[in-house]
């Protein structure tokens, strides 16, 4: 008998042992809802705390770790999802805005899990346009529909031609049913799984399942303190205009402040059942339209949130029944935050915390103590490294994010852990009238630079800087950029922002014309401030002329 023959049983025995070892690796369940902000999660909520539409998610938090300072790098759907699939910032993975995509060969996260022996699946909202590189997928086309939900699936024809429709179902129910069907009929019990379970809800425009129509119907939703009156210390010429001349044109609104897009107007067309029969936005005062629009906005939003939470209970009950719950790392998040009427804003996009902050809860009883919280700064580019680390898969050099598994398990940050998060929103004045901006966010301060230009350096809005002392002003209502007492902090943060841009690869080479504007107003001297006033006047004239030319026409409703 030769040596190679003698080695065969040894190799087979090792293979069996390694296979058993692999079976003990935790499953990874990544759950993401769309636009589910921390303010609407019971484990985080402030003014909405007593309503608590998320008992299931709250239980997850009680059994795991809740992160106070989890942030997205760009608060819109496609870039956030691209960061999580690649572990790279938008300017590195190339997804700057809603038009971006990640081709199959660059979908790093599922590729690495599959190569490591995990069974991979993606179910729900995808929003990255190209075919998902998972063993199994069932994903919404683009944004998808709330009802009669259609999915793109694998099949005999090329992507994206194979589809199936869940007629009569709400998307949250259809997505959960699809995941449960995968578990029952498609999961390989001999392999650990990496599953992405991603809801469309509660994305605007909010459409809840009919069974939730009575939920909160007779409840007066608590209002944020700044729904009607925002202090003059908030913002800058970039967000208010010179002497507040752009208040109507920067940031879409709940009330009728923004004439181009506001919930006060939109709700009458989309959800008239949520408003009094005699509702007339032209006759009612601004305060009254804001009040009515806010109540309707929050009821619809929270009904969608309730639908997500109830469906998660169905999913978790199944995992418990099948003995999978405790051997699965469960991560819950939203793809970014969302504005729930604070400062009379709707949607997301801003670098302020309501949209930059993401809810993030991680549960794994094997190593994470229940009911713990962390204020470590983590970004969505760090999420894939965390998942790989729990699975024992090395992080590739292409990933910019780092694992925070040590934080999850010990509650302590490594000595070299990041001290700041980076943010950049590129879609200048698109859809919701938000200026182009970048920001640095530490545990104690936030510095925002509204450079106010599109990719080509055009369509300018007034540039400005804003600085917030989060230890004294967590709601970001007092811009202290020009306060002499903060001069040193301001300059230190400017230097840190410049270094952080280079560290993460946002060196200005992607769009040179835009970068020219960024550099022009960086110092923000008296000449820059005077020019900002001129830009404010010019933009006001252009915007009012544009609104006048569209009078009598429906405003654009892209998202």
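The values are calculated or read from the model by the stated rules, or taken from the named source; none is laboratory data. Computed from a predicted model, the values in this text were never measured in an experiment. Cβ placement follows ideal geometry from the backbone for every residue including glycine, while neighbour counts extend to all protein chains displayed.
Structure data summary
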item	result
Enumeration of residues in the range 221-258 that are assigned to a loop (DSSP other than H, G, I, E, B) and within 13 Å of residue 289 (Cα to Cα)	227, 228, 254, 255, 256, 257, 258
Qualifying positions in the range 374-422 - touching a residue at least 60 places away in the same chain (Cβ under 8 Å) and assigned to a loop (DSSP other than H, G, I, E, B)	391, 392, 393, 395, 396, 398, 399, 400, 401, 411, 420
Number of the condition not met by residue 556 [criteria: (1) in contact with a helix residue (DSSP H, G or I) (Cβ under 8 Å, 6 or more places away or on another chain); (2) modelled with pLDDT under 95]	(1)
Residues of the range 482-517 that turn out to be surrounded by 17 or more Cβ atoms within 10 Å (Cβ to Cβ), assigned to a loop (DSSP other than H, G, I, E, B) and touching a helix residue (DSSP H, G or I) at 6+ places or on another chain (Cβ under 8 Å), as a count	1
Qualifying residue in the range 17-25 (condition: part of a loop (DSSP other than H, G, I, E, B) and either at pLDDT 95 or above or within 28 Å of residue 388 (Cβ to Cβ) (or both))	yes
Residue in the range 169-180 that is within 23 Å of the chain's Cα centre (by Cα), part of a strand (DSSP E or B), modelled with pLDDT of 95 or more and under 30 Å from residue 268 (Cβ atoms) present	yes
Residues (closer than 16 Å to residue 392 by Cα and assigned to a loop (DSSP other than H, G, I, E, B)) located in the range 181-195	191, 192
Boolean, residue 294 is surrounded by 19 or more Cβ atoms within 10 Å (Cβ to Cβ) and either modelled with pLDDT of 95 or more or under 30 Å from residue 478 (Cβ atoms) (or both)	yes
Residue in the range 265-283 that is in contact (Cβ under 8 Å) with a residue 12 or more places away in the chain, farther than 30 Å from residue 134 by Cα and buried (at least 23 other Cβ atoms within 10 Å of the Cβ) present	yes
Residue satisfying all of: in the range 459-469; in contact with a helix residue (DSSP H, G or I) (Cβ under 8 Å, 6 or more places away or on another chain) and part of a loop (DSSP other than H, G, I, E, B); surrounded by the fewest Cβ atoms within 10 Å (Cβ to Cβ) among these	460
Residue identified as free of Cβ contacts under 8 Å to residues at least 60 places away in the same chain and either in contact with a helix residue (DSSP H, G or I) (Cβ under 8 Å, 6 or more places away or on another chain) or crowded, with 18+ Cβ neighbours inside 10 Å (or both) among 149, 86	149
Restricting the range 89-105 to residues that are part of a helix (DSSP H, G or I) and touching a residue at least 40 places away in the same chain (Cβ under 8 Å), the residue that is surrounded by the most Cβ atoms within 10 Å (Cβ to Cβ)	90
Odd one out for residue 339, checked against (1) outside any loop (DSSP other than H, G, I, E, B); (2) surrounded by 23 or more Cβ atoms within 10 Å (Cβ to Cβ)	(1)
Top-ranked residue of the range 365-381 - restricted to ones that are surrounded by fewer than 24 Cβ atoms within 10 Å (Cβ to Cβ) and out of contact with any helix residue (DSSP H, G or I) (no Cβ under 7 Å at 6 or more places or on another chain), ranked as farthest from residue 253 (Cα to Cα)	366
